[in-house]
Each structure stands twice: as C-alpha cells, then as structure tokens.
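Data first, discussion second: the structure below is written as structure tokens.
The values are calculated or read from the model by the stated rules, or taken from the named source; none is laboratory data. Being a predicted model, the structure only gives us computed values, none of them experimental. Here the Cβ is made from the backbone with ideal geometry for all residues, glycine too, and neighbour counts use every protein chain on show. Ligands, DNA and RNA are stripped out before the accessible areas are found, and what is left, the full protein with its side chains, is counted by its heavy atoms. Shrake-Rupley method; radii C 1.70, N 1.55, O 1.52, S 1.80 Å.
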Amino acid sequence: MKLWGGRFEAGASEVFERFSGSLHFDKRLIDADCRGSQAFARALQRVGILSAAECATLVEAFEQIRAAALLPEFFEGATDEDVHTLVIRKLKERAGALADKIHTGRSRNEQVSLDIRLWLREQIDEILDRLTSMMGALIKMARQYPDAVVPGYTHVRRAQAVLWPHYLLAYFEMFVRDRERFTQARARVNVLPLGSGALAGSGFPFDREAIAQDLGFDSITRNSMDVAADRDFVLDFLYAASVCMLHLSRLAEDWILYSSEEFGWLELGDGVTSGSSLMPQKKNPDSLELIRGKSGRVFGDLTSLFVTMKGLPMTYNRDMQEDKEPLFDAAAQLHASLEMMDVVIDSTRLNAAKPATAVEESWVVATDLAEALARAGMPFHGAHRLAGRLVLESVNQGKKPSDWTPAELAAFAPEFTPEMSKLLDPAQGMQTRGLPGGTAPAAVAQAIGEAEARLQDWKR
C-alpha cells in the first residue's frame with residue numbers, strides 16, 4: 001500500500017523498494033505517529049471533515065494500534081514502505097474506508113517532523129533524568145571523601161593540590177552545561193509543525209494552537225517552508241549529545257588512568273570490569289573504555305546529518321530520511337553510556353592514601369609559596385623565580401617539601417619567613433583558595449551544598 005499513486009503508470013522496482021524502505025528503523029516512531037494522528041483526527045473533526053463518531057472511531061483504532069505495537073509479533077512479515085504506511089494499513093484493518101480520511105490536509109513531510117519531535121521530546125526528558133541520577137552519584141561520592149587531597153594536573157603533570165570533591169564538582173559543572181544544552185534543544189523540539197502541509201501550508205482552516213495544546217507543544221512553527229526543510233532541532237540534539245559524550249569520555253579516560261596500577265587511586269567494582277582470556281591477573285576497565293569508544297560513534301552521528309543537510313535546496317528532499325538512524329543511534333548510545341557511568345561511579349572506591357602520597361612527594365605547593373612571597377611584597381616574577389630555585393634545589397638533593405625545616409627554608413632565602421613554611425603542607429595552601437569556585441574546604445563544602453540543591457530542583 002502506498003500513500004501516493006495515480007501519477008504513475010508502473011510500480012517501483014524491487015531494488016528501489018528495498019533501497020528506499022525505512023520501516024526497519026523508523027518503526028520506533030509508531031507510538032508518536034499514532035498519538036499525532038489522534039490529535040489530527042480531532043483537528044479534522046473541528047473543521048468538519050470528520051463527524052464526532054468518525055473521529056471517535058479513528059482515535060480508538062489508533063489506540064488499538066498503539067497497544068498492539070507493543071507486542072513482538074506486530075511487525076512480523078510487514079513489508080510496508082515506512083511506519084506511516086504500516087499505520088495506515090493497520091488503521092484500514094480496524095476502521096475500513098474511514099481510514100482514507102485521516103490524511104486530509106496533512107503531508108507526510110509535516111507528519112514526519114511531528115513524529116520525530118514527539119519521540120525526541122520524550123528521549124530528552126529521559127536523558128535529563130539519567131543525567132540527574134549520574135550527577136547525584138558524583139555528589140554522593142564527593143560526600144564520601146570530603147577531605148581527600150589529590151594532585152590536580154595540567155599537561156598530565158602534577159600542578160596544584162585540590163580536594164577530590166573539587167575534582168568531582170568539575171565534572172558536575174560540565175554536566176550542568178549539558179543539561180542546559182538538552183533543555184535548550186528541547187525548547188526547539190517542542191514546536192508544532194502540523195498545519196504546514198507539504199511546504200505551502202494547509203488548505204484547511206485548522207486551529208494550530210489548539211493542536212499544539214492537544215499535543216503539549218509550547219508553540220507553533222512560523223513558516224511552512226521552513227518546516228519542510230528543517231532538521232535543525234535534530235542537529236541541536238545531536239550536538240548536545242556529542243558534547244555530553246565528550247564529557248563522559250573525558251571522565252572515563254581519567255578513571256581508566258586513575259584505576260591503573262601506575263596510579264592506584266581508584267578501585268573499580270567487579271561488576272563494571274572484565275578479565276582477560278589469557279592473563280589471569282587482569283581487571284580491565286571495559287565499561288569506561290566502551291563509553292570512551294561510543295563517544296566517537298555519537299560524534300559520527302552528528303557529522304553524518306550535518307553533512308547530509310549542508311547542500312539541500314529548499315524544501316524537503318528524500319536525503320532527509322537519513323536523519324533518523326543517526327538520531328536513533330545517538331540517543332541509544334547516550335542513554336546507555338549515562339546509565340553505565342552511573343553504575344561505575346556508584347561502584348568505584350577511592351584509595352585516598354595513594355593520591356595523598358603523590359601530593360606530598362611532588363612540588364604542588366610551589367605556587368602557594370610563590371603567592372605567599374607576593375603577598376609579602378615581592379613582585380610575582382621574582383617570587384616565581386625564587387620558588388622555582390627552591391624546587392630545583394630540592395630535585396637535585398632528592399628532597400620533598402616536608403623535608404625542609406623552617407630554618408633550612410630561611411637559610412635558603414631570607415624572604416621565606418617561618419610562617420611560609422606551613423605552606424609546605426598542601427592542605428595549608430588550599431586554605432588560601434577560598435574564593436567561590438576554589439578548592440578551599442569551605443568553598444568546596446558550599447559548592448557541594450549548592451549542587452545538592454540544584455539536584456533537588458531538577459527532581460521536582
């Protein structure tokens with residue numbers, strides 16, 4: 001069964017049928033397609049195309065299709081071109097010739113846009129919930145290790161001491177921005193396209209605002225040609241998904257390193273790791289490696305649609321059928337990765353003594369000493385050089401910061417006062433970083449409280 005014909009003397013070739021068919025992937029839109037068609041049936045009743053009884057018959061038939069589509073055997077043997085033709089065929093089985101009225105004044109172009117928007121709106125809501133859960137796991141871990149001190153890195157070299165919760169909060173803030181991007185994408189998704197026709201607008205006096213209210217859309221689209229040509233809202237989602245996967249990948253990379261024997265900071269749970277078929281001692285971070293790997297897959301989904309859309313003339317072109325597989329794949333991979341990372345965080349334990357030792361053995365306090373000298377009146381460039389000389393002398397002698405006594409420090413350079421020797425303890429230097437956003441314990445405690453408050457707001 002086709003939704004078009006008449007103009008053609010011969011049918012499509014078998015090769016073209018196979019090449020252009022999309023039911024195998026767009027069938028996941030069936031619930032959205034039915035819900036959109038139910039709202040459209042009500043719109044047809046309002047303009048007098050359907051009687052109240054006819055509308056009720058079609059709405060009930062769509063409801064039956066929605067329920068039947070949940071059964072595995074529903075799609076068995078289906079050879080329809082796409083989900084829309086399948087739904088119409090199933091509708092005719094239930095409503096007979098009345099089914100032919102449902103397409104009055106509606107183009108498949110706007111129907112596809114509506115289906116994707118309905119489906120994607122729900123996907124974003126689920127992703128926001130998964131993000132919130134995972135971010136809650138980060139804050140829970142921050143509460144478990146409130147005083148743990150670790151080296152912060154630049155260029156993968158020990159730089160300055162920070163609290164472990166401060167490190168976790170850095171990723172929390174990345175995911176906050178991801179929430180914002182998904183929320184913004186949802187706002188652009190949640191715009192009703194029905195009433196746009198194929199490209200010129202509908203020839204029937206539909207109340208578009210009423211349809212929008214019926215389907216829970218915030219507003220209606222403003223230009224019918226734009227509706228037929230638009231997949232920006234899909235690109236918005238794919239970009240947000242890509243950035244979120246980028247953040248997940250960076251967190252995964254950190255923890256792959258930090259759980260290695262060379263670092264030994266983290267112990268990943270048995271449930272999120274795997275062994276080797278040959279080497280009995282191995283405990284591999286496969287869950288994190290898969291998250292890192294899937295990020296490239298999602299980036300490819302964004303690139304795929306981005307390149308597909310770049311040269312299309314106004315308005316609809318069949319190329320745009322290629323929007324769905326990247327969209328469906330990106331959503332699936334992001335869902336799975338967020339769920340996996342939530343479990344990883346919850347099952348991971350910090351061996352706080354390991355990073356604490358790394359802090360004590362390194363010269364992450366050098367900046368604290370230089371800043372103390374600057375606060376005492378020395379120009380910072382001079383303070384930087386003097387602290388650097390102390391580090392060089394220590395490296396040459398094999399001394400770590402705690403090996404210096406106040407007297408030895410003053411003997412090295414009189415600018416170092418006895419009070420400054422306290423900064424050889426990394427925990428003391430952190431106390432100076434109390435500005436909002438800094439790693440001082442009080443600032444971090446406040447940041448955790450604010451993060452928890454945001455989590456509560458998002459859960460309401």
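Could you check segment 402-414 and list, in sequence order, the residues that are of a type outside the set (A, V, I, L, M) and either open to solvent by less than 80 Å² (accessible area, probe 1.4 Å) or in a helix (DSSP H, G or I) (or both)?
Result: 402, 403, 404, 405, 406, 408, 412.
If the Cβ limit is 9 Å and pairs must be 6+ apart or interchain, which residue in segment 382-404 that is without any contact (Cβ under 8 Å) to a residue 12 or more places away in the chain pairs with which residue that is of a type in the set (A, V, I, L, M) and in a helix (DSSP H, G or I)?
382/373; 382/374; 385/370; 403/424
Tell me which residues, restricted to segment 23-40, are in contact with an Asp or Glu (Cβ under 8 Å, 6 or more places away or on another chain) and either free of Cβ contacts under 8 Å to residues at least 24 places away in the same chain or surrounded by 18 or more Cβ atoms within 10 Å (Cβ to Cβ) (or both).
26, 29, 32, 33, 34, 36, 38, 39
What helices (runs of 4 or more DSSP H), lying completely within segment 203-293, carry at least 1 residues that are out of contact with any helix residue (DSSP H, G or I) (no Cβ under 6 Å at 6 or more places or on another chain) and closer than 30 Å to residue 155 by Cα?
Because the criterion is at least 1 residues that are out of contact with any helix residue (DSSP H, G or I) (no Cβ under 6 Å at 6 or more places or on another chain) and closer than 30 Å to residue 155 by Cα, the helices (runs of 4 or more DSSP H) in segment 203-293 that meet it are 232-258.
For segment 261-295, name all the residues that are among the hydrophobic types (A, V, I, L, M, F, W, C) and either under 23 Å from residue 335 (Cα atoms) or buried (at least 16 other Cβ atoms within 10 Å of the Cβ) (or both).
263, 265, 266, 268, 272, 288, 290, 291
Pick from 80, 147, 115: which is more than 20 Å from residue 217 (Cβ to Cβ) and either under 29 Å from the mean Cα position of the chain (by Cα) or at pLDDT 95 or above (or both)?
Within the list 80, 147, 115, the selection yields 147.
Can you tell me which residue within segment 45-78, out of those that are polar (S, T, N, Q) and surrounded by 14 or more Cβ atoms within 10 Å (Cβ to Cβ), is farthest from residue 27 (Cα to Cα)?
45
Say we look at segment 420-453 and pick out the residues that are open to solvent by 70 Å² or more (accessible area, probe 1.4 Å), in contact with a helix residue (DSSP H, G or I) (Cβ under 8 Å, 6 or more places away or on another chain) and part of a helix (DSSP H, G or I); which of these is farthest from residue 178 (Cα to Cα)?
422
I'd like to check something: does segment 207-229 contain any residue that is in contact with a strand residue (DSSP E or B) (Cβ under 8 Å, 6 or more places away or on another chain) and hydroxyl-bearing (Ser, Thr, Tyr)?
yes
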